[in-house]
1. For the chain, go through all pairs of different Cα atoms, get the mean of 1/r, take its inverse, and jot down that Kirkwood value in Å.
2. What does the net charge come to around THR32 if you take all other residues with beta carbon closer than 13 Å to its beta carbon, with K and R at +1 and D and E at -1?
3. How big is D for region 74-126, in µm² s⁻¹ as a whole number, if Stokes-Einstein is applied with the Kirkwood radius of its Cα pairs at 25 °C and 0.890 mPa s?
4. What is the order of PHE169, PHE75, fewest Cβ neighbours within 10 Å to most?
5. What does the charge add up to near GLU211, with Lys and Arg as +1, Asp and Glu as -1, over the other residues with Cβ less than 14 Å from its Cβ?
6. Could you tell me which residue out of ASN189, SER330, ALA26 lies farthest along the dipole of the chain toward its positive end? Charges go on the beta carbon: Lys and Arg +1, Asp and Glu -1, centred on the Cα centre.
7. For the chain, what does -39500 (n - 2.57) per DSSP helix run (n ≥ 4), summed and divided by total residues, give at 222 nm, in deg cm²/dmol to the nearest 500?
8. Neighbouring Cβ atoms within 10 Å as the yardstick, rank PHE130, PHE113, PHE216 fewest first.
Amino acid sequence: MIRVALDAMGGDHAPRVEVEGAIAAARELGATVLLVGRPEALKAELGRQRQRGLPIEIVPASEVITMSDSPGLAFRKKRNSSVHLAAHLVRDGKADALVSAGNTGAVLAVARFVLGMLPSVSRPALAAPFPTSRGGVAVILDVGANVDSKVNHLLQFAVMGEIYYRTVFRARRPRVGLLSIGEEESKGNELVREAHNELKNIPLHFVGNVEGRDVFTGAVADVIVSDGFIGNIALKISEGVAELISTKLKEALSSTLRAQVGYVLSKRAYADFRRKIDYSEYGGAPLLGVRGICVIAHGRSNPNAIKNAIRVAVEMAQGRVNEKIERELSAAWVTSIRED
């Protein structure tokens, strides 16, 4: 049974959301969830829920890293925080994965320096799933673990993203693209042009440059590689656009539909639309390249998002994603891209 250490104090609505998500995950996925946080708060939330007999345990943590804390300062000063202790459970082999909806910068720092990096990885990468118009999923990485990247980092992101997509989304040979300002090989800044030349020479299904408008079609690429600065901007713009479309569509339906039957049918269609673009259905962004599985969920996560973040962690652990990353990045054909 996979054991997941959940930072139960991290999200905007912790610990209620984390506890409810943990109960759903334990019930539906069969995973053991270790709730790491302040025992009195966790016991109170558990007491409000039907969870008798489920594989859920409490691991005490006396400190909490808030969203307003400086990531670096919190990492150094709050060593007894819930996310620190959750990471130590993974490092010490007492858990298979870490899930947190807390301060992203702090979680990145804890994961990188408590768990450490895989031997063949220079930089970790956050991989964010995006829904596509074809009904599938595209993954962009990096979406914020690194502000600046070198060519070899982008190549490693491509390999890690391809392995993650192949394992979690069950694709035999995912298409890998490079985010740029044009499809032509000559388009892009110096980093993108150099990375393009190198990606052509490694045994991935590299499809070339991908423009921003292609991200949501699913017609060009499954895995889209970017540096963390551009990738994070793409992620945040996409979240804003999704919220705008959802809000305006709801307003339009409410203001123009008069017939009760038509309104009910439209509400069902709207609910289906919301579900397809809802980030909570995808759980969170795995941090690829660190020792141990780490999934970072949105700070505004609801119980469904927490449950699905745990699901992603379980699937990655069962699929041995880290072992595959280390094996493929240790192969002879990528020796040249391991230098930092």
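1. That comes to 20.6 Å for the chain.
2. Overall, the nearby charge balance is +1.
3. This corresponds to a translational diffusion coefficient of 214 µm²/s.
4. Arranged by neighbour count, lowest to highest, PHE169, PHE75 become PHE169, PHE75.
5. Here the charged neighbours net out to -2.
6. With unit charges placed on the Cβ atoms, the residue in question is ALA26.
7. -14000 deg cm²/dmol
8. Neighbour counts put them in this order, fewest first: PHE113, PHE216, PHE130.
Only the coordinates and a few stated rules stand behind these numbers; no lab work does. Since the structure is predicted, the reported quantities are computational estimates derived from the model, not experimental observations. As a convention, Cβ positions derive from the backbone with ideal geometry for all residues, glycine included, and neighbour counts pool all protein chains shown.
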